[in-house]
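What follows is a set of notes on a single structure, which appears directly below.
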Amino acid sequence: MKTTKEISLGDIAARAEELRGENMTLNMGPSHPATHGVLRLSLELDGDTVVKCDPVIGYLHRGDEKIAENMTYNQFVPYTDRLDYLAPLANNVAYAIAVEKLAGLKMPERCEAIRVVCCEMARISSHLLGLGVYAMDTGAWTVFMYTFNEREKLYSLFEELTGARFTTSYTRIGGLTRDLPEGWLKKVEVFCDGVLKVIDDVDKLLTRNGIFLERTEGVAPISKELALAYGLTGPNLRASGVGFDLRKDKPYSGYEKYDFDVPVGTKGDCFDRYLVRMEEVRQSVRILRQACKSMPGGAWYAEDAKKIFLPPKAKIMTKMEELIQNFMIVTEGPQIPAGEVYFEAENPKGALGFYVVSNGGGVPYRLRIRGPSFVSLSILPVIIPGNYLTDIASILGSLDFVMGECDR
């Protein structure tokens, strides 16, 4: 029998291998609070360490792209609400701009400014929920109460503007459903003051909290090269050190007129992804204040879009030409010329893209949606292995995906 001194490292390794059991297969989801939707992760575990992760998607697939081919362009607007259902106003705008580019329409300044306000409010709303549930995923419940309370104020503003709290369907091809209500911009400015105080409170609660740092710092880092290789966009890309933002690099809807910064991380870990979203809320408030202060007058729809945008109600009721035009657009859809276009907008989750092919007429021949959440989930098999099972909740929360635009 060998003495303790005679036992070599080789013997220890051999004994450890002897005692090692088989890896366990575990399904996380599709009904699990940490997956934030119907996502299933097929995991292979060695003890409590993940050695393999396969995301399984498709539980929420509704065939949006095929539905679009059987609907007029405006009829598809409510379906865009259901993509990233945490930011429906931004989805509406991205889709409308794609079709308008195909039609060669130029929007009036007021319409563009209102759309910017809608997009930035949608960004704040999405990030408030994302930060709140991310804090819950890591054990900090109080933060959710702060952020959800502010989000409720936003929903009241959405309801006043669009008539709906959640699925807004506010944008139309060639403009908006209606102009801003009287005094609404003042209420937006009041909200901006309040939400900044809440973000400062969240900052104090989380950013230097020891438990939160343990759960997020150094967990699932994504390098700049890896983020680019997997096509990440939005906050997840910027957290990895790539300062790419479509609002700055390929401005649309007049974003070039507004002064704001693009927050960029250094490590690309869960903590950096949290910090980037926190700062994005502050930058969105900057944009909102500028847009509210400089809101131009004039039309809120393209007045030259005769066969695309519905004429004003007063004219429909008094003039035969407008009545006929209204009937044709409602029954046959906006008349878009033949061609194809691809447009990407900087949505809260990343770049939301629409590829539209038209054969002419009121219905698209083909529509393809590029959902940023789908791309964010594609990197899970690379960043989850090597982490503990308990880290998965932190990793998923930091990526801030939504299954509506992943499955479509």
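Which whole-Hz couplings ³J(HN,Hα) result when phi for each residue of segment 77-94 is put into the Karplus expression 6.51 cos²θ - 1.76 cosθ + 1.60, θ = phi - 60°, listed in order with x for Gly and Pro?
3J(HN,Hα) across segment 77-94, in whole Hz: 4, x, 5, 5, 4, 8, 6, 8, 6, 8, 9, x, 4, 5, 4, 4, 5, 4.
Could you give the length gained by full extension between Gln75 and Thr142, i.e. 0.36 nm per residue of separation minus their alpha carbon distance, to one decimal place?
20.1 nm
Among Trp184, Trp141, which comes first, second and so on when ranked by fewest other beta-carbon atoms within 10 Å?
Ascending number of Cβ neighbours within 10 Å: Trp141, Trp184.
Would you grab the residues whose amide H sits under 5 Å from the one on Arg370? Only those 5+ places off in sequence or on another chain, please, with H modelled 1.01 Å from N.
For Arg370, whose amide H was placed from the backbone, the distant partners under 5 Å are Gly353, Phe354, Tyr355.
Over the chain, with a Gaussian network built from C-alpha contacts below 10 Å, which listed residue (Val264, Val190, Val133) shows the highest mean-square fluctuation?
Top of the fluctuation ranking is Val190.
I need the phi-derived Karplus couplings for segment 221-236: 6.51 cos²θ - 1.76 cosθ + 1.60, θ = phi - 60°, integer Hz, Gly and Pro marked x.
Coupling constants for segment 221-236: x, 10, 5, 4, 5, 5, 4, 5, 5, 8, x, 5, 9, x, x, 5 Hz.
For the Cα atoms of the chain, what angle does the longest principal axis make with the long axis of helix 142-162, in degrees from 0 to 90, nearest 10?
The helix 142-162 is inclined about 20 degrees to the chain.
Which cross-chain or sequence-distant (5 or more) residues have an amide H under 5 Å from the amide H of Lys307, H modelled 1.01 Å from N in plane?
So Lys307 has HN proximity to no qualifying residue.
Taking 7 Å along the Cα-to-C-beta vector as the label spot, tell me the Asp249-Val382 distance in nanometres, rounded to one decimal.
1.6 nm
Taking H as built 1.01 Å from N, whose amide H comes closer than 5 Å to the amide H of Asn347, not counting residues under 5 places away?
Leu352
Give me the number: length gained by fully extending Thr49 to Leu389, i.e. 0.36 nm times residue separation minus the C-alpha to C-alpha distance, one decimal in nm.
Answer, rounded to one decimal: 121.8 nm.
Between Lys257 and Asp179, how high is the FRET efficiency from 1/(1 + (r/R0)^6) when r is the Cβ-Cβ distance and R₀ = 25 Å? Nearest 0.05.
0.80
Over the alpha carbons of segment 261-395, what is the largest minus smallest coordinate on each principal axis, giving the biggest first in Å?
Cα spread of segment 261-395 along its principal axes, largest to smallest: 69, 40, 24 Å.
So what's the chain giving for Rg/Rh, alpha carbon basis, Kirkwood Rh from the mean inverse pair distance?
In the chain, Rg relative to Rh is 1.06.
Determine the gain in length on full extension of the stretch Leu26-Glu340; use 0.36 nm per residue of separation and subtract their C-alpha separation, reporting nm with one decimal.
Stretched fully, the Leu26-Glu340 segment lengthens by 108.6 nm.
How would segment 119-164 be classified by its alpha-carbon gyration tensor: rounded, prolate or oblate, with rounded meaning a/c under 1.5 and the a/b versus b/c comparison settling the rest?
prolate
Got a sec to turn the phi values of segment 199-205 into Karplus ³J(HN,Hα) couplings, 6.51 cos²θ - 1.76 cosθ + 1.60 with θ = phi - 60°, whole Hz, x for Gly and Pro?
Result, rounded to whole Hz: 4, 5, 5, 4, 4, 5, 6.
Enumerate the lysines that Lys197 could reach by cross-link, defined here as Cα to Cα under 28 Å, with residues fewer than 8 away along the same chain left out.
Result set, ordered by chain and number: Lys153, Lys186, Lys187, Lys248, Lys257, Lys267, Lys293, Lys349.
Please state the shape class of segment 321-372: rounded when a/c is under 1.5, otherwise prolate if a/b exceeds b/c and oblate if not, all from the C-alpha gyration tensor.
Since a/c reaches 1.5 and a/b is larger than b/c, the shape of segment 321-372 is classed as prolate.
Taken together, the values in this text are just the output of simple stated rules run on the coordinates, not laboratory data. Since we're looking at a predicted model, the values are computed, not measured. Don't worry about glycine lacking a Cβ; one is built from the backbone with ideal geometry, like all the others, and counts go over all protein chains shown.
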